[in-house]
Amino acid sequence: DGTVSAVTPDFLGGDFNPFMYTDLAFSGGAVYMAASGNLDQYDIATDTATNLSTALTGFSVECGIAVVGNLLYITSGNDPTDTMDTYDLTTNTLATVNSALPDESSSLEYDPIANKLYFASIADGSYYQYDPSDNTYSKNATETQSDYCNFVVDPSGQYLYVRTSSGVDQITIADGTITPFAANVPGGPSGSDVTFGPSSSGSCWSLYIA
């Protein structure tokens with residue numbers, strides 16, 4: 001019905017920032033987020049927030065986070081650390097799996113079909129594919145209109161949809177082709193995002209743009 005409700009006044013991660021938690025990840029009835037060296041969990045059923053770790057050394061704002069099996073993958077965001085860490089939800093252990101990501105690696109999305117992660121570099125607007133099986137990455141495309149690199153992988157795993165200053169662009173994962181998808185959409189990349197969800201018809205997926 002379009003109702004908007006606040007479920008918690010603030011996460012535990014630190015100072016207020018309009019884009020503090022670029023990404024939220026959902027798993028097992030809880031929401032996870034990372035920023036300013038902290039990894040936090042919000043339990044939906046009990047309405048409680050818990051700090052899981054303060055050991056994300058060098059991790060700043062604009063961190064990306066995604067769930068792959070029992071692991072949380074986390075990018076260091078707007079910080080020169082340029083690392084990818086994992087947090088094991090079973091053993092509660094933190095590990096660095098790649099310490100040579102591109103500058104300011106932010107946003108993180110998972111494609112379960114191909115078992116690939118995707119992240120972006122705020123520094124130059126480039127989008128990368130990351131393979132969790134061997135912790136390597138390769139560039140897909142550079143989209144200069146997406147200042148804060150908010151994007152989503154489509155359910156088929158064929159495209160990235162990127163929020164730009166005035167709309168949404170589509171990046172073909174196979175060859176990096178960039179195609180305008182939606183134009184003249186109010187808002188902008190720094191405070192806007194895109195995601196897929198159930199269509200109002202109930203029979204397919206829709207792209208939701210904020």
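The values are calculated or read from the model by the stated rules, or taken from the named source; none is laboratory data. Predicted, not measured: the structure shown is a model, and the values here were computed from it. Here the Cβ positions follow ideal geometry from the backbone for every residue, glycine too, while neighbour counts run over all protein chains shown. Accessible surface is based on the protein model in full, side chains and every heavy atom, while ligands, DNA and RNA are left aside. Shrake-Rupley method; radii C 1.70, N 1.55, O 1.52, S 1.80 Å.
A compact table of results
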| read-out | value |
| --- | --- |
| Prolate/oblate/rounded call for the range 38-182, Cα gyration tensor, a/c under 1.5 rounded | prolate |
| Exposure of residue 171 as accessible area (Å², to 10), given a probe of 1.4 Å and all protein chains | 0 Å² |
| Separation of the residue 201 and residue 174 label points, Cα + 7 Å toward Cβ, nm | 2.4 nm |
| Carbon + sulfur, % of accessible area of the range 23-127 - ligands and nucleic acids excluded, 1.4 Å | 50 percent |
| Highest average packing first - 54-65, 121-132, Cβ atoms within 10 Å | 54-65, 121-132 |
| Stretchable slack from residue 95 to residue 210, in nm (0.36 nm times residue separation minus alpha-carbon distance) | 38.1 nm |
| Surface accessible to a 1.4 Å probe, per residue, for the residues of the range 74-210, Å² | 45 Å² |
| Sequence-separation-based contact order of the range 71-162, relative, with Cα cut under 8 Å and 6+ spacing, percent | 19 percent |
| Chain lengthening between residue 43 and residue 133 when straightened (0.36 nm per residue, less Cα-Cα) | 29.5 nm |
| Whole-angstrom gap from the range 53-82 to the range 121-142, using each part's C-alpha centre | 15 Å |
